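A.B. asks: Handing you this structure, nothing more for now.
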Amino acid sequence: MNPNPNLDQFRMQILNSHSTNSKQCFAFLEKFHSDKTNKVIFLQENCVEFEASVVAQCDALIKALEARKQELLSNIQEERDQKMRVFREQVAHCTQKLQKTTGLLQFSIEVLKESDPSAFLQVRTY
């Protein structure tokens, strides 16, 4: 037997205190691991949602760029077609003028061959 009962009581208090602290630490670790698992799951879900958001936004940008590309290509084609019409009209006009000029030159050559001075008179038709 121990001669000092107070010492035994003190030792029991220390053991009880350590036991209580140990139980609290164990409970904290269990809660930490439980929270950690929940946080990891939350983090994974959050990352999946963020990835989906980024993919959706990039797809929307690509779609908008494709639409703008088609619009620009369409505008270019319309502009080219309009310029080709103007060019054809100009060619037709120049061809017509060239034909008239050629006719006038041929007439002038024929008139110059004439010996009668009255052939030089300008003839106007209405």
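Coordinate-derived values only; no laboratory data. Bear in mind the structure is a predicted one, so any value in this text is a computation, not a measurement.
A.B. asks: Can you find a residue that is part of a helix (DSSP H, G or I), among the charged types (D, E, K, R) and more than 14 Å from the chain's Cα centre (by Cα) anywhere in the range 61-79? I'd like the intermediate steps shown before the answer.
C.D. replies: Applying the first criterion (part of a helix (DSSP H, G or I)) to the range 61-79 yields 61-79.
Now narrow it down to the ones that are among the charged types (D, E, K, R): 63, 66, 68-69, 71, 78-79.
Subset that is more than 14 Å from the chain's Cα centre (by Cα): 78-79.
Within the range 61-79, one or more residues are part of a helix (DSSP H, G or I), among the charged types (D, E, K, R) and more than 14 Å from the chain's Cα centre (by Cα).
A.B. asks: For the range 26-60, how many residues are among the acidic types (D, E) and more than 24 Å from the chain's Cα centre (by Cα)?
C.D. replies: Of all residues in the range 26-60, those among the acidic types (D, E) come to 30, 35, 45, 49, 51, 59.
Checking the rest, the ones that are also more than 24 Å from the chain's Cα centre (by Cα) come to 30, 35, 45.
Number of matching residues: 3.
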